[in-house]
Amino acid sequence: MKILVICQYYSPEPFKVADVCEALAEKGHEVDVVTSFPNYPMGEIYEGYKNCAHKEELINGVNVHRIFTIGRKSGFLFRLLNYYAFSFSSTLFVNKLKKAYDVVFVYQLSPVLMANAGIRYKKKHNKKLLLYCLDLWPDSLTLGGIKKGSLIYNYFKKKSAKIYNRADRILVSSKMFEQYFYEMFRICGQKIDYLPQYAEDVFVPDSHKDSTVTNITFAGNIGKTQSVETILYAAERLKNENIIFNFYGDGSGLADLKALAENKLKLNNVIFHGRISLNEVARKYAESDGLIVTLSDNPVLSMSFPGKIQTYMAAGKPVIGAVNGEAAEIIKEARCGFCAKAEDVDGLVDCIKQFMESDKIKLGKNARRYYEENFQKADFINRLSKELENLR
């Protein structure tokens, strides 16, 4: 089967879409991806991709078509330019494609506008389109300060409604997304279904050498929605404990958080290691005693289920959280750790203290068991492949 994939982000950017596409190619499908030049999360085009309008790559069996974009940089204006630059250039690109595809697959992060190119191909060639939703629109805009009911919000609500309704099939990464789609767009029934994310194969249980220091690790994007400051304030309260908080990743909020840790809180139990490769992340998980996840106290984030939790569980490590909604329910259901409410510093401190006194090996085994029962990569790829084939 020939699959046209549309996603604004792709490797070397830190998103799972590349792993999904490569797995589909391994199953014998011919996969072509239309994407932009990498610039997430810092907003600057990566070295090796600058000053290019178009670039073709073959990456692990996947044909990657990179097209013009404007770096995200910072601020709403550049973010908007980034969104529309890809929407326009990708739509123009697919409109000229001569290759025939059997189905269109949109791996939808933010913005939802990235789906426009897939809809254009679908309409022109009378093909079916499957959309995998990881970010809810228009409500994801509220995370950046756009108010519900504002002109911008209502504009993107109309755009989102058109895009979601033109998809032939929608798969969602969180169960709570289904309720959102019904309440916002009246989309339900056979058109939509739940397909949770998985962890890449590099995340496997590994033995941890005994250490006199307890290492707690956070990995991933460091921005406003991650509420990493909640961890820093908890670290201040626990500065007399034998704990080191390790942060791996990059993002728009990193500089401010470093300043908070070093200048205001004067923490000596926090280390910012910077961005590292996926394989290195897996090794750091293995060296950790526990893994931590935090999110801002926001209704949209409460409906989401961060993909990092799957990687935490796959690594067979206890999970410590300060999150709401589905993520909190999964941690509780899996009996793999302790969870406080989002942005609740006192609650997170209590969770970390409970973690310190817990049977960490048992919690880690519970995490891995739940992962194997619910989030296996092979199950995800087989299900996705079947869904795409059913749309041919």
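Structure above, values below:
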read-out	value
Rounded, prolate or oblate (a/c below 1.5 giving rounded, otherwise prolate when a/b exceeds b/c) for the chain by Cα gyration tensor	prolate
Sorted largest first, extent of region 310-392 alpha carbons per principal axis (Å)	52, 27, 16
Taking region 199-252 and dividing mean pair separation by its residue count, relative contact order in percent (alpha carbons under 8 Å, at least six apart)	52
At q = 0.17, 0.22, 0.27, 0.29 Å⁻¹, base-10 log of I(q)/I(0) for region 247-301 (Debye sum, equal scatterers on each alpha carbon)	-0.73, -1.06, -1.17, -1.18
Mean separation of Cα contacts under 8 Å, 6 or more apart, over the residue count of region 214-374: relative contact order %	23
Distance between region 308-342 and region 14-78 - C-alpha centres, whole angstrom	30
For the chain, built as a Gaussian network whose Cα springs stay under 10 Å, the top-fluctuating residue of 175, 148, 16	148
Theoretical ellipticity at 222 nm over the chain - DSSP helices of four or more residues, -39500 (n - 2.57) apiece, nearest 500	-12000 deg cm²/dmol
Whole-number percent relative contact order across the chain, with pairs defined as alpha carbons under 8 Å at least 6 apart	13
Pairwise centroid distance, computed over Cα atoms, of region 345-370 with region 228-304, Å	17
Longest segment of the chain lacking GluC sites (Glu not before Pro) that sit in a DSSP loop with at most 16 other Cβ atoms within 10 Å	48-240
Inter-site label distance for residue 73 and residue 358 at 7 Å from Cα along Cβ, in nm	4.4
Region 214-374 - convex hull of alpha carbons, volume per residue in Å³	96
Fraction of beta bridges assigned by DSSP in the chain that are antiparallel (%, nearest 5)	10
Ordering of 34-41, 292-299 by burial proxy (mean other Cβ atoms within 10 Å per residue, highest first)	34-41, 292-299
Per-residue Cβ neighbour rank within 10 angstrom, fewest leading, 312, 164, 155	155, 164, 312
54, 65 arranged by Cβ crowding within 10 Å, fewest neighbours leading	54, 65
Where only alpha carbons of region 43-149 are counted, the Rg and the Dmax (Å)	15.1, 45
Likely footprinting exposure, 301, 171, 291, 81, fewest C-beta neighbours within 10 Å first	81, 171, 301, 291
Extended-chain gain in nm, criterion 0.36 nm per residue less alpha-carbon gap, residue 382 and residue 52	115.2 nm
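Here, each number is a calculation from the coordinates, and none is a lab measurement. Model, not experiment: these values are computed from the prediction. Here the Cβ is made from the backbone with ideal geometry for all residues, glycine too, and neighbour counts use every protein chain on show.
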